[in-house]
1. If you scan the range 1-48, which residues turn out to be under 19 Å from Gln97 (Cβ atoms), at pLDDT 65 or above and among the small types (Gly, Ala, Ser)?
2. Scan the range 148-159 and tell me whether some residue there is in contact with a strand residue (DSSP E or B) (Cβ under 6 Å, 6 or more places away or on another chain) and surrounded by 12 or more Cβ atoms within 10 Å (Cβ to Cβ).
3. Hey, can you tell me all the residues within the range 83-101 that are among the aliphatic types (A, V, I, L, M) and part of a helix (DSSP H, G or I)?
4. It is to be established whether one or more residues within the range 187-203 are small (Gly, Ala, Ser), in contact with a helix residue (DSSP H, G or I) (Cβ under 7 Å, 6 or more places away or on another chain), outside any loop (DSSP other than H, G, I, E, B) and surrounded by fewer than 18 Cβ atoms within 10 Å (Cβ to Cβ).
5. Show the residue pairs meeting these rules: Cβ distance below 8 Å; 6+ apart or different chains; first residue within the range 190-210 and on the phi < 0 side of the Ramachandran plot and without any contact (Cβ under 8 Å) to a residue 60 or more places away in the chain; second residue of a type outside the set (Val, Ile, Thr) and buried (at least 18 other Cβ atoms within 10 Å of the Cβ).
6. Is it fair to say Lys121 is more than 30 Å from Gln216 (Cα to Cα) and among the basic types (Lys, Arg)?
7. Could you say which residue among Asn96, Asn142 is within 29 Å of Phe193 (Cα to Cα) and surrounded by fewer than 17 Cβ atoms within 10 Å (Cβ to Cβ)?
8. Given the criteria within 17 Å of Phe193 (Cβ to Cβ) and at pLDDT 95 or above, does Asp153 qualify?
Amino acid sequence: MTAKVAEKEEYLNKINEIGMGNVKPKELTSTDFFTVATERRSVRHYDPSFKMTEDEIRELLEIAVQAPSSSNLQPWRFLVIEDAEEKAALLPIANNQKQIVDASVVIAVLGDIQAYQNAEKIYGEFVERGMMTKEIKEFYVNSIMENYGKLSDEQATRVAMIDGGLVSMMLMLAAKAKGLDTVPMGGYNEAKFIEAFDVPANYKPVMLIAVGKGVQAGFEKVRLPLDDVLTWNKY
C-alpha cells in the first residue's frame with residue numbers, strides 16, 4: 001500500500017469514527033418529498049444480514065431513471081454489485097470502506113459517452129406512442145447525431161457526469177422513501193475499478209452508492225447559510 005493510498009484510507013476511516021454512536025437511522029413517519037429530502041443522510045454503517053431482493057433493487061432504479069437527462073439520452077448505466085465475492089474484490093479498490101461489504105448492494109453509476117447512439121430507439125418510441133411525427137423525430141435524431149457525435153471525450157464525459165449526478169440523487173431519495181439508507185462514494189481507485197469489473201471504455205464511472213439497512217445514523221447535516229451560496233440575477 002502506497003503512502004498516498006494509506007492516507008486516503010485513514011481519512012475515510014476517520015469519517016466513519018464521527019458516527020452517531022448508538023443512534024439508529026431515523027424511521028420516516030411520512031414519505032412526502034420534503035421529509036425524505038430533509039431526513040436523508042449519508043449512512044456508513046449497515047446491517048450485513050439485510051439483503052435486498054432483485055425486485056426491490058429494480059424498483060429503486062425504475063424511480064431513479066425518471067431523472068432528466070440531456071436531450072433525453074439517458075446516459076446512465078448501472079452495475080449492481082451484490083455478490084459477496086465481488087464486493088470483497090471491490091473493498092480494497094474503495095479504500096476498505098466497510099459499507100462496501102456490509103451494505104446489501106453497491107450500485108456503480110456509470111455514464112455512457114456514446115449514449116447519443118440510442119437516439120433513434122428513444123425518439124422512435126415517441127413516434128410509436130403518437131407523441132411525435134416521423135419528420136420531427138428525424139430532425140431530432142439527425143441533430144443529436146450531428147452535435148453529440150462531434151463532442152470530445154472530455155465534453156461528452158461532462159454531460160454524462162451531470163446526468164449521472166441527477167440519476168444518483170434520485171436513487172438515494174427513492175431509497176430513503178423506502179426506508180433504506182445510502183452513501184455516495186467517490187473515494188475509490190477509478191482505474192482499478194474499471195479493470196477489475198471489465199467496465200467498457202465508453203462507460204465513465206460517476207460514483208458508487210452503497211444501499212442497505214443502516215444500523216447507525218449518519219451524522220447530522222451541517223450546511224452553509226443559504227445566503228452564503230445564493231446570489232440573485234448576476235455576479
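The values are calculated or read from the model by the stated rules, or taken from the named source; none is laboratory data. Quick caveat, the model's predicted, so the values are computed rather than measured. Please note: Cβ atoms are built from the backbone with ideal geometry, for glycine as well, and neighbour counts cover all protein chains shown.
1. Ser42
2. Yes, the range 148-159 contains a residue that is in contact with a strand residue (DSSP E or B) (Cβ under 6 Å, 6 or more places away or on another chain) and surrounded by 12 or more Cβ atoms within 10 Å (Cβ to Cβ).
3. Scanning the range 83-101 gives Ala84, Ala88, Ala89, Leu90, Leu91, Ile93, Ile100, Val101.
4. Yes; the residues of the range 187-203 include at least one that is small (Gly, Ala, Ser), in contact with a helix residue (DSSP H, G or I) (Cβ under 7 Å, 6 or more places away or on another chain), outside any loop (DSSP other than H, G, I, E, B) and surrounded by fewer than 18 Cβ atoms within 10 Å (Cβ to Cβ).
5. Going by the 8 Å Cβ cut-off, the qualifying pairs are Glu190/Pro205; Ile194/Pro205.
6. Here the answer is yes, as Lys121 does meet what is asked.
7. Asn96
8. In short, no.
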